[in-house]
Amino acid sequence: MNHKLKLVASAFSILAFLMATGLQGQAIRKITLQEAIDLSITNSHLLKNNSAKIDEAVAAVKEANERKLPEFTISGAWLYLPITPNISLKTNSNNNGGANPSVSQAMYSTTNLSLPLFTAGKLDYGIQSAKYLEQAVRLDADENKEAVIFNSISAFSNLYKARAAVYLVKESLEQSNQRVRDFTNLEKNGLLARNDLLKAELQSSNIELTLLDAESNLKLAGVNMALMLGLPEQTNLIPDSASLIKITKAKSLEEYEQQALLERKEIGSLSLHKKIAELGVKSIKADYYPGVAVTGGYIAANIPGFLTISNAVNVGLGVQYNLSSLWKTKTKIAAAGARVQQVAASELLLGDHIRLQVNEAYQGYLLSQKKIAVYQKAVEQATENFRIIKNKYNNTLATATDLLEADLAALQTKLMLVGASADAVVAFNKLLQTAGILTP
């Protein structure tokens with residue numbers, strides 16, 4: 001493992017200094033991987049949306065608790081009576097009849113207070129459900145945060161690979177152009193066939209086309225990174241290659257699977273949703289019981305020329321029961337129980353899905369390590385092959401075609417090594433993400 005880490009470090013350090021010096025004089029911003037992660041977290045629209053969802057969930061918990069507080073209402077009205085009503089008071093003093101009072105308006109106000117005493121646990125179930133939902137929302141936000149971090153690492157790696165590719169292709173193009181100049185002089189002096197010169201010129205043209213593609217990819221990678229970090233898209237970002245090298249010795253597959261089943265935020269969130277569904281069953285069962293509340297109120301009324309009421313204070317005990325719950329609640333309980341079973345089945349499916357994800361990420365990590373070793377060896381082989389072919393060519397033992405092919409092979413292996421080294425970092429962080437341990 002230490003040997004592989006050295007290979008990764010060497011691959012990253014090959015280009016770091018030259019890439020930076022080649023860009024002196026430009027308005028650039030060098031950025032480390034940690035800075036990129038911090039900026040992406042700060043400016044992520046997804047995480048800002050998650051923050052708003054958390055605030056909403058916190059408010060929902062507070063609202064659920066407030067349902068235990070008294071309900072206090074005040075109402076009042078002024079009424080105009082365009083037609084004088086017929087009023088007959090059935091009292092002893094008015095049994096013989098009398099003239100109707102002239103009534104054209106009426107005013108009244110009421111104040112009602114209700115404090116729940118017994119709700120069969122519905123209020124408590126509501127509070128617990130709101131708390132579980134808040135925790136689930138926070139876990140979902142943590143999961144999204146890990147996704148944002150991993151996307152930042154991937155984008156940082158892509159930017160590094162794109163910039164490294166531009167540098168390597170430019171270097172190769174410069175060497176190829178120099179070869180064309182040398183071949184041109186040889187051809188003028190009759191020491192080289194015209195066909196060999198054309199082959200060298202064709203290779204330079206192909207490398208130049210490759211450079212155009214590489215520069216385009218670098219531009220897009222830079223724009224993507226800048227937008228992800230909340231920076232102006234014209235920002236010229238230079239990734240600090242040293243900060244990208246962050247691979248430690250991997251654990252066993254079984255350890256990552258166990259960690260994933262304990263640490264993955266989706267499992268925790270789904271477990272909370274199962275508790276919410278179970279509380280939903282209990283809350284529905286509470287409909288079988290009546291609700292009891294302490295009530296109180298105050299009534300005041302004034303009908304000019306006829307009636308005045310004041311200080312009409314009342315205190316009592318109120319009972320409310322929905323008789324239809326006797327035949328409707330059973331169906332509701334069955335539906336709520338089915339939701340509990342659905343969540344339980346989803347937990348099993350999620351466990352299998354997570355195991356598969358961890359296995360895929362682990363195999364991807366192992367493959368990335370093997371690729372580094374293979375490409376490192378390929379670079380050494382291609383470099384040595386080019387040296388030998390060049391010596392043979394100088395001694396007229398190899399053709400110009402052999403020389404050009406050896407040069408192209410050396411360039412390709414260098415590009416592959418740089419890409420594999422950066423991809424290995426992404427693969428390792430992907431493994432951490434699938435195990436739920438990408439962030440502390």
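The values are calculated or read from the model by the stated rules, or taken from the named source; none is laboratory data. These figures come from a predicted structure and were not determined experimentally. Methodologically, a virtual Cβ is constructed for each residue, glycine included, from the backbone with ideal geometry; neighbour enumeration extends over all protein chains shown.
Which is under 30 Å from Leu159 (Cα atoms), at pLDDT 90 or above and not basic (Lys, Arg), of Glu35, Glu63?
Working: Glu63 fails: under 30 Å from Leu159 (Cα atoms).
Exactly one of Glu35, Glu63 is under 30 Å from Leu159 (Cα atoms), at pLDDT 90 or above and not basic (Lys, Arg), namely Glu35.
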I'm trying to understand the selection: among the residues of the range 183-197, which are part of a helix (DSSP H, G or I) and surrounded by 14 or more Cβ atoms within 10 Å (Cβ to Cβ)?
Phe183, Thr184, Leu186, Glu187, Asp196, Leu197
I'd like to check something: does the range 192-211 contain any residue that is in contact (Cβ under 8 Å) with a residue 24 or more places away in the chain, touching an Asp or Glu at 6+ places or on another chain (Cβ under 8 Å) and among the polar types (S, T, N, Q)?
yes
Can you report the number of residues in the range 329-360 which are within 21 Å of Gly291 (Cα to Cα), charged (D, E, K, R) and touching a residue at least 24 places away in the same chain (Cβ under 8 Å)?
1
Can you tell me how many residues within the range 224-243 are on the phi < 0 side of the Ramachandran plot and within 20 Å of the chain's Cα centre (by Cα)?
7
Leu202, sole failed condition from (1) at pLDDT 90 or above; (2) aliphatic (A, V, I, L, M); (3) within 35 Å of the chain's Cα centre (by Cα)
(3)
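Name the residue that is nearest to Ala422 (Cα to Cα), counting only residues in the range 364-378 that are in contact with a helix residue (DSSP H, G or I) (Cβ under 6 Å, 6 or more places away or on another chain) and of a type outside the set (S, T, N, Q).
As a first pass, look at the range 364-378 and keep what is in contact with a helix residue (DSSP H, G or I) (Cβ under 6 Å, 6 or more places away or on another chain): 364-365, 368-369, 371-372, 375-376, 378.
Still in the list and also of a type outside the set (S, T, N, Q): 364-365, 371-372, 375, 378.
Details: Gly364: 13, Tyr365: 12, Lys371: 11, Ile372: 10, Tyr375: 13, Ala378: 17 Å.
Out of the qualifying residues, it is Ile372.
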Return the residues of the range 306-328 that are touching a Gly at 6+ places or on another chain (Cβ under 9 Å) and in contact (Cβ under 8 Å) with a residue 40 or more places away in the chain; say none if nothing qualifies.
Gly318
Within 24 Å of Asn43 (Cα to Cα), of a type in the set (A, V, I, L, M, F, W, C), surrounded by fewer than 22 Cβ atoms within 10 Å (Cβ to Cβ) and touching a Ser or Thr at 6+ places or on another chain (Cβ under 9 Å): does that describe Val180?
no
Is it the case that some residue within the range 115-124 is farther than 30 Å from Tyr288 by Cβ, in a helix (DSSP H, G or I) and of a type in the set (Lys, Arg)?
no
Complete set of residues in the range 244-261 that are among the acidic types (Asp, Glu) and over 22 Å from the mean Cα position of the chain (by Cα)
Glu254, Glu255
Which condition number does Ala378 fail, the rest of (1) in contact (Cβ under 8 Å) with a residue 40 or more places away in the chain; (2) of a type in the set (Gly, Ala, Ser); (3) surrounded by 13 or more Cβ atoms within 10 Å (Cβ to Cβ) being met?
(1)
Within the set of pairs 6 or more residues apart or between chains, which connect a residue that is on the phi < 0 side of the Ramachandran plot and surrounded by 19 or more Cβ atoms within 10 Å (Cβ to Cβ) inside the range 256-282 to a residue that is outside any helix (DSSP H, G or I) and of a type in the set (A, V, I, L, M, F, W, C) with Cβ atoms less than 7 Å apart?
Tyr256/Ala435; Ala260/Ala435
Which numbered condition trips up Glu360, out of (1) surrounded by 13 or more Cβ atoms within 10 Å (Cβ to Cβ); (2) of a type outside the set (Ser, Thr, Tyr); (3) modelled with pLDDT under 95; (4) under 30 Å from Phe428 (Cβ atoms)?
(3)
Determine the pairs where a residue that is over 13 Å from Lys199 (Cα atoms), located within the range 177-188, has a partner that is part of a helix (DSSP H, G or I) and among the acidic types (Asp, Glu) with Cβ atoms under 9 Å apart, the partner being 6 or more residues away or on another chain.
Leu186/Asp196
Tabulated pairs, the range 45-70, first under 24 Å from Asn151 (Cβ atoms), second among the polar types (S, T, N, Q), C-beta under 9 angstrom, 6+ apart or interchain:
Leu46/Asn144; Leu47/Ser40; Leu47/Asn144; Asn49/Asn144; Asn50/Ser44; Asn50/Asn144
